[in-house]
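Reading through the structure tokens given below for one structure.
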Amino acid sequence: MKLKTWLLAAAFAAAALTTASAATFRFAFQGDLKSLDPYSLNETFTHGVLGNVYEGLTKRDKELKIVPGLAERWEIIEPTRWRFYLRKGVKFQNGEDFTADDVVFSAERSFKPASDIKTRIQPAGTKAVKVDDHTVDFILPSPNPILHYEWDTWYIMSKKWAEANGSVEPQPQAGQQMSYAALHANGTGPFIITEHQAGVKTVFKPNPNWWGKPEHNLDEVIFTTISNDATRVAALLSGDVDFADPIPLQDVDRVNASSNAHVLQGPELRTIFLGFDQYRDELKSSNVKGKNPFKDVRVRKAFYLAIDENAIADKVMRKAAVPSALMISPLLFPLAKDFTRPKTDPNEAKKLLAEAGYPNGFEVTMDCPNDRYVNDEAICQAVTAMLARIGVKVNLLAQPKAKYFAKILVSGGYDSSFYLLGWTPGSFDSWNVLANMYRCRDEKGAGGNNNVGNYCNPKMEDMIKQILVENDAAKRDQLIKTAYQLGQEQDWGYVPLHQQALAWGASKKMKIVQRADNQILFYWFRKE
Amino acid sequence: MLAFIIRRLLQAIVVMLTVALIAFTLFRFVGDPVNMMVGIETTAEERAQLRQDLGLNDAIPVQFARFVANAARLNFGNSYQFKTPVIDLIADRFPATLELAIASAIFSLLIGIPMGVYTALHRRSWLSNIFLAASLVGISLPTFLIGILLIFLFPVTLGVLPSFGRGDVVRIGFWTTGLLTASGLKALILPAITLGLFQMTLIMRLVRGEMLEVLRTDYIKFARARGLTDRAVNFGHALKNTLVPVMTIAGLQLGSIIAFALITESVFQWPGMGLLFLKAVQNVDIPIMSAYLLLVAFIFVTINLIVDILYAVVDPRIRIDARATA
């Protein structure tokens, strides 16, 4: 009894001490914020959250347009020399000045072996050279018109701070312990991390010395992981958090029906698609022996025509998906409107199969993740049923992403005949899609190392090389269009399905800016 | 006696090695940890280098031997995701799990014992029937469902009690506790009920059964004949004798509460060892998984060892039997 009284007294005392601040923003995401070192993991969530603390030379605005960040302006002096003029008077959160040395240091740090963001500065071998304290040149081995496309998440770190804290090397993945930079942050951005318990909780406070004009009105931001879908939704509905990402599609109506929260849905950049093994002479998991049916363009086209993407978007995705004709989101390619999905036509598909020598169809295993994309396994089940209509018997193998990627990526020897995958171009540009999905690869993954089915066409190789170095924007777009025409309408290399929708759950007290790349940038959020 | 204990200890070591071997073998099939550690655009060479650095390319027996040798020195390696020694991570998460386990054990005792006593004393009352029916629900509903129902009822519908997490915690030395803050205590209620419900039912039924048995014995009849009050008979004599087996079971169950808190921890995002383990499975964080399984095995082996030795102390026949069959 005594103990109980004592505990209660302690509880009340503690409650009196912790008075909640007016504009505390609490948000929950399904995954962890594993490292604060912005170079150690190339992952959207990590980069998005760190984007509130760190800044790049360039930024992207609410519509993903490139705008000045730590660089006020830039120019291309020669095709292989870019000059960036740095913002003056910017300070890191520990009080040090931001100068050209930090940019040069950050560029060098990105190329270190332990860095997971080596592709941020392309092509490899690019060098950053200090011109004066507030000017930096980037010298490229060959022209690259999209050098700065990925730079809003290439964050500039302080040279002095990294050196003083033994964090010149990025946190290595096989490291024995977390480096200082993986547990502490020192950016130039609008928020400072004041507390970080990896895997549990991270606390942010506004940076009073930030150079920009804050658009948010938050006094404190608290991030927690809530991995369980039902719990995350409940936490939002009960008001324990102001923001939850993602909201499962089946809960969207329930959240919208509640009095204090709603779901913000918007197009995401990721394209969900199906791929074929077009490389092996005999499929690993099929009853067709001695040849590979997917090497025949008629079979690939038949698969495309048999799959009713509109039905998938309507029923499986509950209208939260936009059917796609290309392997890239139309938001990222100005000429995307010139492409349309052919109408679903099972009869034509059957005819094509018969012409290719499979009048009775065949049997093949489909690999599918079941915890990676929105309703991924359900999409695969729908595809299975649709292909059954044209006589193709699909044996579905749906597994957790840890097993799935181990099987189909390079470490598993690209072991898949037919698979579902999603791709977001990190650079928001078609070259990334073409280089990863349409470039030939070898067994060890050199070349297009995420081209699981190894689509390979020498004509495409040439085009991709041209696109890489073409500096004229209009010409470049035309080249990209021709490449997509070849890959999609002539070779039927992939079956693009759709772009899934973001589903952010937010309290009605919050004013949220939702960017299509799914980065949670709360420096634009306001709470009433 | 000493020979008996040594024999038992050797058996315990064999059990631990077996668990280690099973755990180690199973993890070969969870997936590729490297894929979960790097972004998708990481090149094949870098992935191969990472495999090399992590020692994943060594022969399986070599890896196992290394694992056992390190584990024997309490070195479980570094977490792949957190780059921190696993032993530190577990030590960090252990207070949350232990506090939850103890709270739910207390809850199950405080509610289960009175309910058991009541249903034994008033066998035919309507309230007893309700208790017994409700306890069936407690046994048959899966833990995660109970948790979700509680979350839906209290935080979402009624707007009381937090839906997830541990609230504010206070750090005392190496121990973090949520017991000293209001939000910490509030956060403890629902998970403790969820985790304790099954134990509560078990204890209630156990108390009821034992109590009914005791009430039939002669000394209770004599006590009543001597004119002692109901209160003295029921609580002073009957309950006291009932509690011995209850305590044994409750003690044994504490181990399983700690070990199987992981469902509750996942539903309530309770930052304990169970949650750590579940996420480790998703991320193929093999060092965490193996350390956790070994720890759980260790808890059970230790409890059983102690129980065995205590039995042997109490009952010499066990020692003789063991010697005869050995």
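The values are calculated or read from the model by the stated rules, or taken from the named source; none is laboratory data. Computed from a prediction, not measured in an experiment: that's the story for all the values here. No Cβ is skipped: glycine too gets one built from the backbone with ideal geometry, and neighbour counts run over all protein chains shown. Remember, those area values only see protein heavy atoms, side chains included, never the ligands or the DNA or RNA. Shrake-Rupley method; radii C 1.70, N 1.55, O 1.52, S 1.80 Å.
Quick rundown of the values:
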| quantity | calculated |
| --- | --- |
| Hits in the range A:122-157 - residues which are under 26 Å from the mean Cα position of the chain (by Cα), among the hydroxyl-bearing types (Ser, Thr, Tyr) and in a loop (DSSP other than H, G, I, E, B) | A:126, A:149 |
| Subset of the range A:425-438 that is outside any loop (DSSP other than H, G, I, E, B) and of a type in the set (Phe, Trp, Tyr) - its residue that is most open to solvent (accessible area, probe 1.4 Å) | A:431 |
| Residue within the range B:85-98 that is under 18 Å from residue B:199 (Cβ atoms) and out of contact with any Ser or Thr (no Cβ under 7 Å at 6 or more places or on another chain) present | yes |
| Elements of type strands (runs of 3 or more DSSP E) contained in the range A:23-73, each with 3 or more residues being away from chain B (no Cβ under 14 Å) and of a type outside the set (D, E, K, R) | A:66-68 |
| The range A:433-459 residues that are closer than 12 Å to residue A:277 by Cα, paired with ones that are surrounded by fewer than 18 Cβ atoms within 10 Å (Cβ to Cβ) and of a type in the set (A, V, I, L, M, F, W, C) (beta carbon under 6 Å, 6 or more apart) | A:456/A:440 |
| Of residues in the range A:470-528 being in a helix (DSSP H, G or I) and in contact with a strand residue (DSSP E or B) (Cβ under 7 Å, 6 or more places away or on another chain), the one farthest from residue A:293 (Cα to Cα) | A:523 |
| Residue match in the range A:466-476 (condition: free of Cβ contacts under 8 Å to residues at least 60 places away in the same chain, more than 24 Å from residue A:407 (Cβ to Cβ), surrounded by fewer than 22 Cβ atoms within 10 Å (Cβ to Cβ) and not charged (D, E, K, R)) | yes |
| Residue A:156, sole failed condition from (1) open to solvent by less than 30 Å² (accessible area, probe 1.4 Å); (2) in contact with a helix residue (DSSP H, G or I) (Cβ under 8 Å, 6 or more places away or on another chain); (3) among the hydrophobic types (A, V, I, L, M, F, W, C); (4) within 12 Å of chain B (Cβ to nearest Cβ) | (4) |
| Odd one out for residue A:238, checked against (1) closer than 21 Å to residue B:264 by Cα; (2) away from every other protein chain (no Cβ under 14 Å) | (2) |
| One residue from A:203, A:241 being under 21 Å from residue A:518 (Cβ atoms) and at pLDDT 95 or above | A:241 |
| Which numbered condition residue A:415 misses (of (1) more than 21 Å from residue A:43 (Cβ to Cβ); (2) open to solvent by less than 50 Å² (accessible area, probe 1.4 Å); (3) outside any loop (DSSP other than H, G, I, E, B)) | (3) |
| Criterion: closer than 30 Å to residue A:333 by Cα, within 14 Å of another protein chain (Cβ to nearest Cβ) and touching a Ser or Thr at 6+ places or on another chain (Cβ under 7 Å) - qualifying residue of A:271, A:231 | A:271 |
| Options A:107, A:162, A:185, A:128; residue that is more than 14 Å from every other protein chain (Cβ to nearest Cβ), open to solvent by less than 50 Å² (accessible area, probe 1.4 Å), touching a Leu at 6+ places or on another chain (Cβ under 7 Å) and among the small types (Gly, Ala, Ser) | A:185 |
| Only one of B:29, B:24 that is under 24 Å from residue B:293 (Cβ atoms), of a type in the set (A, V, I, L, M, F, W, C) and surrounded by 12 or more Cβ atoms within 10 Å (Cβ to Cβ) | B:24 |
| Residue list for the range B:71-87, restricted to those being more than 12 Å from chain A (Cβ to nearest Cβ) and not in a helix (DSSP H, G or I) | B:73, B:74, B:76 |
| Qualifying residue in the range B:222-240 (condition: modelled with pLDDT under 85, within 27 Å of the chain's Cα centre (by Cα) and loosely packed, with under 15 Cβ neighbours inside 10 Å) | yes |
| Odd one out for residue A:171, checked against (1) within 13 Å of chain B (Cβ to nearest Cβ); (2) modelled with pLDDT of 90 or more; (3) open to solvent by less than 10 Å² (accessible area, probe 1.4 Å) | (2) |
| All positions within the range A:449-465 that are assigned to a loop (DSSP other than H, G, I, E, B) and open to solvent by 10 Å² or more (accessible area, probe 1.4 Å) | A:449, A:456, A:457 |
| Qualifying residues in the range B:123-162 (those that are touching a residue at least 40 places away in the same chain (Cβ under 8 Å) and within 12 Å of chain A (Cβ to nearest Cβ)) - the one surrounded by the fewest Cβ atoms within 10 Å (Cβ to Cβ) | B:144 |
| In the range A:439-448, the residues that are within 12 Å of chain B (Cβ to nearest Cβ), buried (at least 16 other Cβ atoms within 10 Å of the Cβ), assigned to a loop (DSSP other than H, G, I, E, B) and at pLDDT 85 or above | A:448 |
| Residue that is of a type outside the set (Val, Ile, Thr), surrounded by 15 or more Cβ atoms within 10 Å (Cβ to Cβ) and in contact with a strand residue (DSSP E or B) (Cβ under 8 Å, 6 or more places away or on another chain), where the choices are A:276, A:333 | A:276 |
| Residue match in the range A:207-221 (condition: surrounded by 19 or more Cβ atoms within 10 Å (Cβ to Cβ), outside any loop (DSSP other than H, G, I, E, B) and away from chain B (no Cβ under 14 Å)) | yes |
| Subset of the range A:241-256 (residues that are more than 12 Å from every other protein chain (Cβ to nearest Cβ) and not acidic (Asp, Glu)) | A:243, A:246, A:247, A:248, A:249, A:250, A:252, A:256 |
| Residue list for the range A:230-281, filter: touching a helix residue (DSSP H, G or I) at 6+ places or on another chain (Cβ under 8 Å) and assigned to a helix (DSSP H, G or I) | A:230, A:231, A:233, A:234, A:235, A:236, A:237, A:251, A:254, A:255 |
| Residue, nearest to the chain's Cα centre (by Cα), within the range B:38-70, restricted to residues that are within 8 Å of another protein chain (Cβ to nearest Cβ) and in a loop (DSSP other than H, G, I, E, B) | B:54 |
| Selected residue (criterion: farthest from the other protein chains (Cβ to nearest Cβ)) from residues of the range A:368-402 that are in contact with a strand residue (DSSP E or B) (Cβ under 9 Å, 6 or more places away or on another chain) and of a type in the set (Lys, Arg) | A:393 |
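This table checks each residue for (1) within 14 Å of another protein chain (Cβ to nearest Cβ); (2) of a type in the set (Gly, Ala, Ser); (3) surrounded by fewer than 22 Cβ atoms within 10 Å (Cβ to Cβ).
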site: B:176; (1), (2), (3): yes, no, yes
site: B:179; (1), (2), (3): yes, no, yes
site: B:186; (1), (2), (3): yes, no, yes
site: B:199; (1), (2), (3): no, no, no
site: B:204; (1), (2), (3): no, no, no
site: B:214; (1), (2), (3): no, no, yes
